[in-house]
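Below: one structure, written as structure tokens.
The values are calculated or read from the model by the stated rules, or taken from the named source; none is laboratory data. Predicted, not measured: the structure shown is a model, and the values here were computed from it. Note that each Cβ is placed from the backbone with ideal geometry, even for glycine, and that neighbours are counted across all protein chains shown.
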Amino acid sequence: MTYIRLDYSDLVLPALLVVMNGACSLALQLGLERRLAIAALRMSVQLVLVGYVLTFLFAIVSPFWTAVAAIAMVLFAAREIVARQKRRLQAIWSYGLGAGAMLVAAGTVTTLALLTQLRPDPWYHPRYSLPLLGMILGNTMTGISLGLDVLMTGLVRDRAAVEARLALGETRHHALLPVTRDALRNGFMPIINSMAATGIVSLPGMMTGQILAGVEPVDAVKYQLLIMFLIAGGTGLGTLAAVIGGVYRVTDHRHRLRLDRITSE
Amino acid sequence: MLSVHSLSRLHVVASFELRAGECIAIQGPSGVGKSLLLRAIADLDPNEGTVKLDGILRESMPAPLWRRQVTYVAAEPGWWADAVEQNFARWDEAIPLIEELNLPPTCGAWNVRRLSTGEKQRLGLARALTLDSRVLLLDEPTSALDPNATAVVEAIIARRRSTGTGVIWSTHDGLQARRVASRLFIMSGGRIEEST
């Protein structure tokens, strides 16, 4: 397997494309140049750092440090979930629910793939477990944040309808069912769209990366299919866990709607 | 029948007894806490105090069962489906009531978005009455109705009372309060006091 090795100097020309975007923003007075520069700089620093961190983790192959890296990834993803919601649960619950759902979903799916399909030695080898977890987390995060956002927004909007059902003696699960279904549909939609478009509209990044690294396209496709199935499973599981957890948190044991537990950004 | 003792929700505190077939009117200005009190009795909001139905503590029964027996009817009822009849658990049972409330039985197919406030109020009341609750908590049930429709609603509720249903009726209208209720409570500063 051969691949064309890049030096940092090889990145100067592509980076000029981002500079070109900044110039467009200046010329058209879009006011995006500062945000563009910060985002590009942040991405570069983060990726270079993660490259060194992964090199370190791959060298020591420690279950402890691999777990620390995995937990850090989950926590950063939980922070991102909270940031993407207009209305969210109060305090620790907003982080806890997102992190918990992701830990359950992405953890289960990643462990399943490591133990059954990939079987690296040792099974937690960071070269396999961390990139896999990263890809699953990235997509699960989108599903969970969309699901929770639609749930919270829908409950505030449809408060009168939900409370009318509760007042007529329906259970909280039944009264919240339309909003819950809406939240789950929205959470599932990105991965469904992504699966439908993959291979025709887009070539996924991982598959493209493998092909560029010299892997035969047919083999790269098998890896990509594995990843897509894992992502779909993780997103479904995570969205379901987060939305059901959210339903429990915005109601109480007396089947009351507790909008006082939701805050706005 | 319904016993309310030291019930408190935010600034509202109340204690009273409601007998079978009795109607208590609660009168007071907007924002004084009439809806808060009715919602607290129905256990729709967190609250403290003791509420019993026929001596049975509210907390000893599941909340949905409690609300089917002690039913809150909002002044502006909520709707969760497009067609009117989809918002009723037992549409067929509601039709005679709906006709009595001067709405055609074909209104089941109407879209709730096109209903007037008065139509919504009458349909919301009909929907709650199909439950055959022991106690009705009526939150300004005729606030959007004309005098004729108001008289029909008052007659329907009086008929329910004659079969033993207890009613707590909140209203701005002092004349209506004296017309429908056997006892009148005035709410002020979050507290209720019986008017003699």
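The residues listed here are A:Thr153, A:Thr239, A:Thr235; of these, the one that is hydroxyl-bearing (Ser, Thr, Tyr), in a helix (DSSP H, G or I), more than 14 Å from every other protein chain (Cβ to nearest Cβ) and more than 19 Å from the chain's Cα centre (by Cα) is A:Thr153. Take the conditions (1) of a type in the set (A, V, I, L, M); (2) modelled with pLDDT of 95 or more; (3) in contact with a strand residue (DSSP E or B) (Cβ under 6 Å, 6 or more places away or on another chain); A:Leu166 misses just one of them, which is (3). For the range B:84-100, the criterion of being in contact (Cβ under 8 Å) with a residue 24 or more places away in the chain, surrounded by fewer than 22 Cβ atoms within 10 Å (Cβ to Cβ), within 20 Å of B:Gln176 (Cα to Cα) and aliphatic (A, V, I, L, M) is met by none of the residues. Of all residues in the range B:114-123, how many are under 23 Å from the mean Cα position of the chain (by Cα) and farther than 15 Å from B:Val152 by Cβ? Going through the range B:114-123 one residue at a time, the tally reaches 4. Put simply, of B:Leu131, B:Leu175 the only residue that is free of Cβ contacts under 8 Å to residues at least 12 places away in the same chain, surrounded by fewer than 20 Cβ atoms within 10 Å (Cβ to Cβ) and among the aliphatic types (A, V, I, L, M) is B:Leu175. Selection of the range B:44-76 for residues being among the hydrophobic types (A, V, I, L, M, F, W, C), at the interface with chain A (Cβ under 9 Å from one of its Cβ atoms) and part of a loop (DSSP other than H, G, I, E, B) yields B:Leu44, B:Ala74. Taken together, the residues in the range B:138-196 that are outside any strand (DSSP E or B) and under 22 Å from B:Leu115 (Cβ atoms) amount to 17.
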